[in-house]
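Student: Starting off with a structure, shown below.
The values are calculated or read from the model by the stated rules, or taken from the named source; none is laboratory data. Every value quoted in this text rests on a predicted model; they were computed, and no experiment measured them. All Cβ positions, even for glycine, are placed from backbone atoms using ideal geometry, and neighbour counts span all protein chains on display. Calculation scope for accessible area: heavy atoms of the full protein, side chains included, ligands and nucleic acids excluded. Shrake-Rupley method; radii C 1.70, N 1.55, O 1.52, S 1.80 Å.
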Amino acid sequence: MPTAHATPLRFSRLLLTGAAGGLGKELRPRLKAYCDVLRLSDIIELGQAAPGEEVMPAALQDKAAVDALLKGVDAVVHLGGVSTEHAFEQILPANILGTYHVYEGARRHGAKRIVFASSNHVTGFYRQDEVLNPSTPMRPDGYYGLSKAFGENLAQFYWDRYGIETVSLRIGSSFPAPRDRRMLASWMSYDDLERLVMSSLTAPVVGHSVIYGMSDNSTTWWDNTSARHIGYRPQDSSDRFRAEVEARQPVLDRKDPAVVYQGGGFVKQGPFEN
Ligand code: 15L
């Protein structure tokens, strides 16, 4: 597969968690091009290991299993966990406990850098008429967004206390194409996702950096100027889908919280009664 990132830098062993999820499946063949061994983990079926792959199923809430995942790894792309809004009880084990286990494993085994799949839902309760930057105070739009806010704080702590670097990617909407009007602002192509992940893995100095994951869309709610040191240059844009998306969704109900807030439909979910 041709690579979207300019520098074919090679890592010895990269760990990809959540490798069987939507973005994990996309990144699996792409990341292989940059490392000798790609270690893949998930709780769902990962299939056969291709040459240069290691398949290691693990539940993120299982501390010993996650510790084993981190052994001998240079860097981690941590996509694993629940990726949409759910009851807190479902978010807690994978996203909160699980992310802690990943950082503890990195500390114990000396992994130097983590690319953490955070989410735009860390700031989902800002309105769509506001433009944010990575330093804008968090305003999570649900338990999922809260768990990603926790992950970013964990990343900051492991950098301050243990010198483990992280780039927290506040991923917008990474799908083959924008699905609705909201995604004209939040969309990121898979090629740009690869560029963003590789820039995050290879930028010389990142400490704990936060960057929004989006393509070069004309409409945007996020200003990544303060994260330019990462060197991410998106090359795609949602603009080519605009006419078709607007034709499909010509009228918006501007009283609908899903239209008002950046988090879209996430802001309306719950409460989750047991
Ligand atoms: C996310 O964080 C989700 O993982 C993804 O499924 C999308 O819904 C995306 O946010 C979004 O905001 O569109």
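Student: Kindly indicate the residue of region 159-177 that is away from the ligand (no atom under 12 Å from the Cβ) and in a loop (DSSP other than H, G, I, E, B) and also least open to solvent (accessible area, probe 1.4 Å) among those meeting that condition.
Tutor: Among residues in region 159-177 that are away from the ligand (no atom under 12 Å from the Cβ) and in a loop (DSSP other than H, G, I, E, B), the one least open to solvent (accessible area, probe 1.4 Å) is 164.
Student: Under 7 Å between Cβ atoms, at least 6 apart or on separate chains: pull out the pairs that start in region 14-34 with a residue that is touching a residue at least 60 places away in the same chain (Cβ under 8 Å) and closer than 17 Å to residue 65 by Cα and end on any residue that is assigned to a helix (DSSP H, G or I) and open to solvent by 30 Å² or more (accessible area, probe 1.4 Å).
Tutor: 16/28; 19/28
Student: How do the helices (runs of 4 or more DSSP H) wholly within region 6-125 filter down when requiring 3 or more residues that are open to solvent by less than 10 Å² (accessible area, probe 1.4 Å) and more than 15 Å from the ligand (Cβ to nearest atom): which remain?
Tutor: The qualifying helices (runs of 4 or more DSSP H) are 63-70, 98-109.
Student: Report the residue count in region 73-104 for those that are within 24 Å of residue 12 (Cα to Cα) and in contact (Cβ under 8 Å) with a residue 60 or more places away in the chain.
Tutor: Qualifying residue count, region 73-104: 10.
Student: So which pairs qualify, if the first residue must be in region 260-274 and in contact (Cβ under 8 Å) with a residue 12 or more places away in the chain and on the phi > 0 side of the Ramachandran plot, the second must be among the basic types (Lys, Arg) and within 11 Å of the ligand (Cβ to nearest atom), the Cβ gap must be under 8 Å, and the two must be at least 6 apart or on different chains?
Tutor: From residues that are in contact (Cβ under 8 Å) with a residue 12 or more places away in the chain and on the phi > 0 side of the Ramachandran plot, the pairs are 264/182.
Student: Further question: Which of the residues that make up region 189-229 are more than 27 Å from residue 157 (Cβ to Cβ) and touching a strand residue (DSSP E or B) at 6+ places or on another chain (Cβ under 7 Å)?
Tutor: 215, 217, 221
Student: Could I ask something else about it? For region 139-158, give me each residue that is of a type outside the set (Phe, Trp, Tyr), within 14 Å of the ligand (Cβ to nearest atom) and in a helix (DSSP H, G or I).
Tutor: Of everything in region 139-158, those that are of a type outside the set (Phe, Trp, Tyr), within 14 Å of the ligand (Cβ to nearest atom) and in a helix (DSSP H, G or I) turn out to be 145, 146, 147, 148, 149, 151, 152.
Student: Take the residues in region 178-192 that are part of a helix (DSSP H, G or I) and within 12 Å of the ligand (Cβ to nearest atom), then tell me which one is farthest from residue 115 (Cα to Cα).
Tutor: My answer is 184.
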